[in-house]
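The values are calculated or read from the model by the stated rules, or taken from the named source; none is laboratory data. As the structure is a computational prediction, the values presented were derived from the model and not from experiment. Positions of Cβ are generated from backbone atoms using ideal geometry, with glycine treated the same way; all protein chains shown enter the neighbour counts. When the accessible area is computed, the model is the full protein with side chains, heavy atoms only, and any ligands, DNA or RNA have been set aside. Shrake-Rupley method; radii C 1.70, N 1.55, O 1.52, S 1.80 Å.
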Amino acid sequence: MGDKDMSLDELEKQLKEKQVSQKANKPIPTEEAQTFFVKMDARVNKEKPFTDPDSDQQALADFMEVNLDTFCKLVPRYADPDRALEYINSLRAEYAAKVLMDPTECSLDNIASRSGFKNTATFNSAFKFAFGVMPDEYLDSVSQMFKKKGKKSIFATISKIFLTVWTFLLTS
């Protein structure tokens with residue numbers, strides 16, 4: 001049975017299906033893809049869906065309210081699920097680094113969990129990849145920084161008081 005045996009309605013339906021199929025396979029313009037990525041990155045950093053340990057490529061697509069095929073076309077570098085997970089883990093590592101800056105936090109396991117890592121081995125690996133040091137080394141350097149900053153702050157305060165008193169005594 002060939003095209004000659006099809007009715008006009010059937011031919012029209014087949015033509016529409018081909019057009020829809022061609023439209024679906026049409027590449028997305030670069031500007032549109034870049035805009036989508038910038039919006040996604042800003043929204044992801046604001047709302048932090050990566051702190052969910054089950055966050056993956058599909059979760060990112062769902063979060064951005066697009067289907068997975070569209071997501072992969074808009075962000076081709078994350079069409080590979082492993083590469084998307086690398087992106088998510090880098091976001092988790094950045095978030096963990098910010099949490100580590102808070103000197104009241106103490107447990108690396110707690111920070112790893114809060115950041116969305118399922119285990120500390122993945123946390124350590126992602127953190128080292130992102131920052132070139134292990135989380136505990138980073139924590140030690142942050143602690144040293146706060147200790148030095150604290151000493152400078154006390155010294156600066158005492159110096160200001162001394163100068164104020166000295167100025168007052170000289171002008172009296």
- request: Would you check if ASN119 is touching a Pro at 6+ places or on another chain (Cβ under 7 Å), farther than 15 Å from ALA59 by Cβ, modelled with pLDDT of 90 or more and of a type outside the set (A, V, I, L, M)?
  value: no
field: Residues satisfying the stated conditions in segment 114-144, i.e. under 18 Å from ASP52 (Cβ atoms), touching a residue at least 24 places away in the same chain (Cβ under 8 Å) and open to solvent by less than 80 Å² (accessible area, probe 1.4 Å)
entry: SER115, GLY116, PHE117, THR122, PHE123, ALA126
- line: The lone condition LYS147 fails out of (1) under 25 Å from VAL38 (Cβ atoms); (2) at pLDDT below 95; (3) open to solvent by 40 Å² or more (accessible area, probe 1.4 Å) is (1)
field: helices (runs of 4 or more DSSP H) fully within segment 1-87 counting 1 or more residues that are at pLDDT 70 or above and under 19 Å from the mean Cα position of the chain (by Cα)
entry: 30-47, 57-63, 68-74
message: Of all residues being of a type in the set (A, V, I, L, M, F, W, C) and in contact (Cβ under 8 Å) with a residue 40 or more places away in the chain in segment 26-78, which is surrounded by the fewest Cβ atoms within 10 Å (Cβ to Cβ)? Just the residue, please.
response: ILE28
